[in-house]
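Written below as structure tokens is the structure these notes are about.
What follows is calculated from the coordinates using simple rules that are stated; it is not laboratory data. Everything numeric here is computed off the predicted structure, so don't read it as measured data. Counting neighbours? That spans all protein chains shown, and the Cβs are built from the backbone with ideal geometry, glycine included.
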Amino acid sequence: MNIITGQLPIKVLYTEDEPDLRERIRIVLEMYFKQVIVAANGKEGLELFTHHHPDIVVSDIKMPVMDGLEFTKQIRAIAPDTPILLTTAFTEVEYLLKAIELGVSAYIRKPIDCHLLVEKISRAATPILQKIALEEAKTRGEKPLELLLGDSQAMRDIIPLAQRIAETDYSVLILGETGVGKSHLAALIHGLSHRRHNPFITVIVGSMPESLVESQLFGHIKGAFTGAVSAKNGLFEEADGGTLFLDDIDCASPVIQAKILHAVEQKNFYPIGGTKRVEVDIRVITASNRDLLQEAHKGNFREDLYYRLCDMVITLPPLRERGGDIAVLARTFLHEVSLELDKAPPRITSDALLMLNRYPWPGNLRELKSVMKRAALFAKETLTSDDVSKVLSGVQTTTSEIGPTRLQTLKELKCHAIEQALLATDGKKMEAARLLDVNYSSFKRMLEKYGR
């Protein structure tokens, strides 16, 4: 029998006409529940109910003035969802049928087994506790950075650095594999800065057609080119006063790199077709999954732009190298997803955490968050290893699938690699190509060949 430890945040109304029994049960219940109110009969109980609004009612059936069945009926009229448990030394079928008709949560025979009573109240309180947990989660204040970024030694070095940088207007370059949380860190730096009440604009340079990048960043005047039927502000202008985050900055063409350099250095730019300068006050944070200094040495990226963008460089390690961060971030993501689903965050079992820790996470934080989204749908009060297994079975190949009993064909292996890369990058084809270490043209041909 499972008995709770510590007090639950539940208010219980206990109605019993025998004084000694009423006092004995009150003492027991106060050990397990935050508040216990007692009444000597149904009439007194009804008055206390309307005044105190208890979460759960426990009542004897045979009482003077107003018996338990009438008391239950009266409560049902004003609070139809309140759980009610009835106790009695009598077992007449008539009483049982009436109790069932009134929708009581449980029926407990006298003499009362206190452990059984506590267990039944706790069980009836489950929906109430979930609602309380949900409301507390919704109203909880800002989380510490350790819950948002992780608590490994690597992140303990990065968190104070990010906090110090946030207090300045330094440009920041964030490096790391796809999905390690570069955009997440950029948003947190903005949120800690004096610019936090102004816009935070994200531009994923690698996802935009090259022909549109300049217009998106710097805007255009009416008639600047075919299709420019009206003037349009660029994202540099939209971010005025705030932070502009340029993700996949290495995907910018040499022409765009030159324009970004001018805008960042001079704090102004010309829209396409325009002759009037637009002045802006922005902080620029950039990110890449490539070593930009090495790319600059190869001639693939402007060296002067590199040094202008990296007043400070932060390199985020992949999740597989961050030890205990998986447990911390899994709980954080599960908490966030549960709130989106309007449910109380479930507890993660140690077996489930062990399974999450053993997974290699090729898609890093992005993949972990995706897994937690799906796991939240399976989980009830607790997220178990079975729940995690259901989700992970869809994103990893088991040993039996590639073992001696069934060798995969080369085509199947390539299809699986493509699927995993697209899953890990949220469907971003250019990033998926990089993850597989193939150029984008070859990746597109692979997609066409394998019908993806």
Report the label-to-label distance for ASP304 and GLU419 in nanometres (one decimal), using points 7 Å from each Cα along the Cα→Cβ vector. 5.0 nm
Report the FRET efficiency, 1/(1 + (r/R0)^6), for ASN268 and ARG290, where r is their Cβ-Cβ distance and R0 is 25 Å, rounded to 0.05. 0.30
Using a ≥ b ≥ c from the Cα gyration tensor of the chain (square roots of the eigenvalues), is it rounded, prolate or oblate, where a/c under 1.5 gives rounded and otherwise the larger of a/b and b/c decides, a/b for prolate? prolate
Quick check: residue separation of HIS194 and SER230 times 0.36 nm, minus the Cα distance between them. What number comes out in nm? 9.6 nm
Between GLU238 and LEU261, 0.36 nm times their residue separation minus their Cα-Cα distance comes to what? 6.5 nm
If you line up the long axis of helix 114-124 against the longest principal axis of the chain, both from Cα atoms, how many degrees apart are they, to the nearest 10? 40 degrees
Can you give me the P(r) profile for region 145-315? Cα pairs, bins 5 angstrom wide beginning at 0, each as a whole percent. 2, 8, 18, 21, 20, 15, 9, 5, 2, 1, 0
What length, rounded to one decimal in nm, is gained on full extension from GLN35 through to ASP311, with 0.36 nm per residue of separation minus their alpha-carbon distance? 93.6 nm
Neighbour-count order for SER288, SER215, SER441, fewest beta carbons within 10 angstrom listed first: SER441, SER215, SER288
Can you give the calculated 222 nm mean residue ellipticity of the chain, where each DSSP H run of n ≥ 4 adds -39,500 (n - 2.57) and the sum is split over every residue, rounded to the nearest 500 deg cm²/dmol? -14500 deg cm²/dmol
Each label point is 7 Å from the Cα along the Cα-to-Cβ direction; what then is the distance between the points at GLU47 and TYR170, in nm? 6.9 nm
FRET efficiency for GLU210 and GLU321, Cβ-Cβ distance as r, R0 = 45 Å, nearest 0.05? 0.85
Relative to the chain, whose Cα atoms define the longest principal axis, helix 254-266 and its Cα axis are tilted in degrees, nearest 10, by 70 degrees
Would you mind checking which residues have amide H under 5 Å from ARG283's amide H? H placed 1.01 Å from N; only 5 or more apart, or other chain. GLY242, THR243, LEU244
What nm value, rounded to one decimal, do you get for the distance between GLU23 and SER442 when each label is placed 7 Å out toward the C-beta? 8.6 nm
At R0 = 41 Å, how high is the FRET efficiency between ARG109 and LYS390 if r is their beta carbon distance? Nearest 0.05 is fine. 0.50
